[in-house]
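Here's the structure, in structure tokens; my notes come after.
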Amino acid sequence: MKKDTKLTFWTWVPDIQKEVDLFQAKYPAVKVEVVNVGQGGAHYQKLRAAIQAGKGAPDVVQMEFDKLPSFTLTDNLLDLSPYGIGDLKADYPAWVWDGVTPGGKGIYGVPQDTGPMGMLYREDLFTAAGIVIPKTWDDFAAAVSNYRGKNPSSMLVNWAPSSEANMLGLFWQAGGRPFSYDGTKNVKINLAGDAACKKVTAYWNDLFRSGNIGNEPDFADAWYQGLNNGKYAAWLTGAWGPVFLQGTAKSTAGKWRAAPLPQWDPSKPASGNYGGSTDAVLKSSENPIAAAMLARFVNTDDKAALTLANEQFLFPPSTKTLKNPAFADAAASFYGGQKVNKEFTDIASTVQEGFQFLPFNDYAASSYDKTMGKAIGDRGDLNAALSAWQDDLVQYAKGQGFTVAS
């Protein structure tokens, strides 16, 4: 780390230069260029193009958990095991660490943020409608109906058509394990045969067909307005949601609160995860040691990790940061002074282990839009759509040379 070295770091985290500056202060010989090439599809499209071209790829790259398997399958990521990253395992809940070890082989990223799922709700609207925070999904279904009955022009919640990650989070919470990947060309796809997935799908099928919940696209103008004007009284989302909401529904400051997801079995509190990312190292990096150190430092140095949590508002994946009073005990004025971080920290401890993504989750998400998403948008048959999603994924996987188990 004393040799003059240049690294390129692709990330969409705003102001991450602060954490990089801390790294460079400790390792002044290592110069880091931070580049934001876009978020979501644009980020991965440019990354794949650079990899294919054999030039221009970064040393370190921000990568969501559900994308790691596709890049390990193509052997583009560096296994960080020889670089001491395995020493960090005890700092994370098992479900987080599972996310950086696709197929159970190697370590392909340092966790940066996660999205344990909970419920954000308008306390004033719930109180006015006589709605008690639903503890179970049966309670939630009753609340949906009761709220709609008292507020015909609004709904308790919206569920967007194009939100595969959100639905997978609910499958995850219910104990669904529809996918597996062993790190080679063997996958399991069992959406239509997984009892928990079928339970969740049937549940939401009834809600959509009742017409008592919304089904408009999220992260669009109408949806933003719905959160601002009281059209929707709750939002089921990941731990990144509280900060996102306070930036997009400013007129409702002080009226929102956070709570755990409704439960299938309240005696066994459970949640799933929606979102989150890592920092991975490209196998093509000419400076793998410095790159691995950068990925490690940005996410695990005490000051850097706390800055990511409190200034960039990434929900921390490590138990150490989650328990840090400077994070957990912060009172959020947008949520009436509630310690929202603490609420989601408690939820994070209930996320179940063993959920895996397919090594072609980009395709799985687009296929979801055409099957499950279309059924949600049309208020059609979600149960049939689940089977259609299953069939399409199996056909795709076999076409790509995978051996598919169900």
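The values are calculated or read from the model by the stated rules, or taken from the named source; none is laboratory data. Nothing here was measured: the structure is a model prediction, and the numbers come from that model. Cβ atoms come from the backbone with ideal geometry, glycine included; neighbour counts cover every protein chain shown. Surface areas here come from the heavy atoms of the whole protein model, side chains and all, with no ligands, DNA or RNA. Shrake-Rupley method; radii C 1.70, N 1.55, O 1.52, S 1.80 Å.
Being at pLDDT below 95 and out of contact with any helix residue (DSSP H, G or I) (no Cβ under 8 Å at 6 or more places or on another chain): is that true of residue 86 here? No; evaluated as a whole, the condition is false for this residue.
Remark: pairs (first residue in segment 175-190, buried (at least 18 other Cβ atoms within 10 Å of the Cβ); second residue part of a strand (DSSP E or B) and among the basic types (Lys, Arg); Cβ separation under 7 Å; 6+ apart in sequence or on different chains) = 179/188; 180/188. Selection of segment 35-83 for residues being more than 16 Å from residue 110 (Cβ to Cβ), among the aliphatic types (A, V, I, L, M) and touching a strand residue (DSSP E or B) at 6+ places or on another chain (Cβ under 7 Å) yields 35, 37, 47, 57.
Kindly state which helices (runs of 4 or more DSSP H) lie completely within segment 307-406 and contain at least 1 residues that are in contact with a Phe, Trp or Tyr (Cβ under 9 Å, 6 or more places away or on another chain). Explain how you work it out, then say what you get.
Details: elements: 319-322, 325-328, 340-348, 361-368, 374-378, 382-399.
Once the helices (runs of 4 or more DSSP H) in segment 307-406 are filtered for at least 1 residues that are in contact with a Phe, Trp or Tyr (Cβ under 9 Å, 6 or more places away or on another chain), what remains is 319-322, 340-348, 361-368, 374-378, 382-399.
Looking at segment 191-223 only, could you name the residues that are open to solvent by less than 40 Å² (accessible area, probe 1.4 Å), part of a helix (DSSP H, G or I) and within 21 Å of residue 351 (Cβ to Cβ)? Within segment 191-223, 196, 197, 200, 201, 203, 204 qualify. Of all residues in segment 278-300, those that are more than 17 Å from residue 1 (Cβ to Cβ) have Cβ atoms under 8 Å from Cβ atoms of residues that are aromatic (Phe, Trp, Tyr) and in a helix (DSSP H, G or I), 6 or more apart or on another chain, in 278/65; 280/71. Can you report the number of residues in segment 69-83 which are open to solvent by 20 Å² or more (accessible area, probe 1.4 Å) and out of contact with any helix residue (DSSP H, G or I) (no Cβ under 7 Å at 6 or more places or on another chain)? The qualifying residues number 6. Taking into account only those residues within segment 5-24 that are in contact with a strand residue (DSSP E or B) (Cβ under 8 Å, 6 or more places away or on another chain) and in a loop (DSSP other than H, G, I, E, B), which is most open to solvent (accessible area, probe 1.4 Å)? Result: 12. Answer yes or no as to whether residue 386 is touching a Cys at 6+ places or on another chain (Cβ under 8 Å) and surrounded by 16 or more Cβ atoms within 10 Å (Cβ to Cβ). Judged against the criteria, residue 386 is a match. Is it the case that segment 44-53 has a residue that's surrounded by 18 or more Cβ atoms within 10 Å (Cβ to Cβ), part of a strand (DSSP E or B) and in contact (Cβ under 8 Å) with a residue 12 or more places away in the chain? So far as segment 44-53 goes, no, none of its residues is surrounded by 18 or more Cβ atoms within 10 Å (Cβ to Cβ), part of a strand (DSSP E or B) and in contact (Cβ under 8 Å) with a residue 12 or more places away in the chain. For segment 148-155, the criterion of being open to solvent by less than 10 Å² (accessible area, probe 1.4 Å) and hydrophobic (A, V, I, L, M, F, W, C) is met by no residue.
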